[in-house]
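See structure below.
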Amino acid sequence: MNHELPPKEDPNTLDLDPDRYERANIPAGEPPKQDPVKRRRNFNEVFLGYDEKQAVVEALRCIHCPSPEPCILGCPVHNDIPRALMFIEQGDPVAGANVFRQTNNLPEVCGRICPQEVLCEGACTVAGYDKPVAIGKLEAYCSDYQRNHVGIPSREIAPATGKRVAVIGFGPAGLAVAEELRVLGHEIVVYDAWPRPGGLMVYGIPGFKLSKRIIDQKVAHLESLGIRFVGDTLVGQDVTVDELLQGNDAVFLGVGATHGNPARLPGEDLHGIYQATEFLVRGNVPVEDLPKNMRALPEFGPRIAVIGGGDTAMDCVRTAKRLQTQHGFPDGDVTVYYRRTENEMPGRAEERMHARQEGIQFEFLVSPVRFIGDTNGHVRQIEFEKMRLRARDVSGRPRPEPIPGSNYTVEAQVVVLALGYKVDPLLLKATPGVTGTKWGTVHVENEDDPMTARPGVFAAGDDVRGADLVVTATAAGRKAAYAMNAWLKYNSARTDIKTRRVLETLRV
Ligand code: SF4
């Protein structure tokens, strides 16, 4: 078995059989997109999706590597990508979607927003000499096709076990746990502080990357399986884990990492300065799906500054641009400020490319020092200092260092802070027996056996790993569901995962 990459840019040197050679010479094709000038005026999805013919051609580019296929290894949920792509090239997208759904509860979401370039497509052998096969776009294509033409297939539910589980969190980990446990015959109720199910997929990810209708359809599918959703319920305040444990056999904590990090700078509490979540929620989500205190658009004006360098910062600038164009500032300025260079930016290159196409400006090697307000307490300016890069720090990236005497100010009527997320401390404070780590995340034994220090209370996803991806939360949620199922079967004593697996194998 040979997984050596062929030489870059020279497919003619590939040592491939004739079928693979032909596949290797098929040109890559991207799905069509909305024109940047048009799309910055609306919140509709940027990508318009493959049609059937384009999808077949793109799927044919897969050269079907011998096992273990690198794309499968690169995918956190280990989708059987070559098999799914084989169905697509044979003109059977529904069968392709069924393959993705075997391992992924949210293929239409992951196909759109996974950073494929560092996951499945980053591992794709074709990337050694051409653009990788567009695995994510094909996953979205076939799962969309299935959902729109025949619906998400129902799942067989095992006979009722009589066990009840409370899942906390409407996000990807919570939805994956809920679905997998329901299929195993348990009764599931999912709680969240937000009114509309979907968590960050509805409230955090703008509609131009992921249509909210897709999440609604997935939630309707879960409801059809018998899962119940209860919104407007902040666990730790409206109900406690202790109270939930009284009526349930186990509780799953999947609250994610939703608290924005502060800038810790003078003037941060001025009006017109938003945390990214509030700005995105108020800018993107229909008012009827918002809590009463958030039912108004965020402020915007001709100059909007976003501070940060990840995908959330790109979501904010692109939302800000759409708000400007829709509400009277078509030539407004939206700038992202980042303290390192573009090379160190943690977000996706594709997101930055889309932002630039939509007219977003970038300022690198700058860091805010303070926010300056007017007499009404509203932000008007930001003072920055210029930075230079020094040796790498613990994050592995070059450490930014201020350049003395380089300070300058810029005008801004609105500032958005997109400085990363942490776990809401309320849950740990309100839940005796569940312990935290020094990073403020929930402590669990390990990802295969994610029980907290409190028997019967499990956790997985961003509240355990810190802010991460939808696909990693989905993968963690699936593992948690299987560990919880074992716990629900053998919960008379605290048994470790290995023992539980042995018991399950023996069907004790
Ligand atoms: Fe790639 Fe993400 Fe789909 Fe896995 S879930 S195949 S990483 S797009």
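Throughout, read-outs are computed from the coordinates displayed, never taken from laboratory work. What you see is a predicted model; the values in this text were computed from it and never measured. All Cβ positions, glycine included, derive from the backbone under ideal geometry; neighbour counts span all protein chains shown.
Couple of notes before you dig in:
- Taking other C-beta atoms within 10 angstrom as a stand-in for reagent exposure, R264, R61, R454 fall in the order R264, R454, R61, fewest first.
- Built amide H within the under 5 Å cut-off of A250, gap 5+: R164, A166
- Stokes-Einstein D (µm²/s) once Rh is taken as the Kirkwood radius of region 85-160 over alpha-carbon pairs, at 10 °C in 1.306 mPa s: 120 µm²/s
- In terms of surrounding Cβ atoms within a 10 Å radius of their Cβ, E299, E22 rank from fewest to most as E22, E299.
- Cβ-based net charge around G256, under 14 Å, with every Lys or Arg adding one and every Asp or Glu removing one: -3
- Reachable lysines from K321, criterion Cα separation under 26 angstrom, eight or more residues apart if same chain: K33, K38, K137, K209, K212, K292, K386
- DSSP bridge pairs, the chain: antiparallel proportion in percent, nearest 5: 40 percent
- With a cut-off of 15 Å between beta carbons, the residues surrounding F371 carry a summed charge of -3, where Lys and Arg count +1 and Asp and Glu -1.
- Karplus (6.51, -1.76, 1.60) ³J(HN,Hα), θ = phi - 60°, over region 120-130, in Hz, Gly and Pro reported as x: 4, 6, x, 8, 5, 4, 4, 5, x, 9, 7
- Computed Rg/Rh of the chain, alpha carbon atoms with Kirkwood Rh: 0.98
- Phi-based couplings in Hz for region 429-434 (Karplus 6.51, -1.76, 1.60; Gly and Pro marked x): 4, 8, 10, x, x, 8
- Size of charge dipole - region 11-149 - debye, nearest 20, with Cβ of Lys, Arg +1 and Asp, Glu -1, no other charges: 620 debye
- Computed over every Cα-Cα pair of region 11-149 and binned at 5 Å starting from 0, the pair-distance distribution P(r) comes out as 2, 11, 20, 23, 21, 12, 7, 3, 1, 0 percent.
- Positive-end residue, region 177-281 charge dipole about Cα centroid, Cβ charges, pick of F208, V183, V235: F208
- In a reduced charge model with +1 at each Lys and Arg Cβ and -1 at each Asp and Glu Cβ, the chain shows a dipole moment near 780 debye about its Cα centre.
- Stokes-Einstein, applied to the Kirkwood radius of region 268-420 over Cα pairs at a viscosity of 1.002 mPa s and 20 °C, places its translational diffusion at 134 µm² s⁻¹.
- Taking the DSSP bridge list for region 268-420 and keeping only pairs wholly inside it, about 50 percent are antiparallel.
- Neighbour-count ranking [beta-carbon atoms within 10 angstrom, fewest first] of L297, L488, L175, L138: L297, L488, L138, L175
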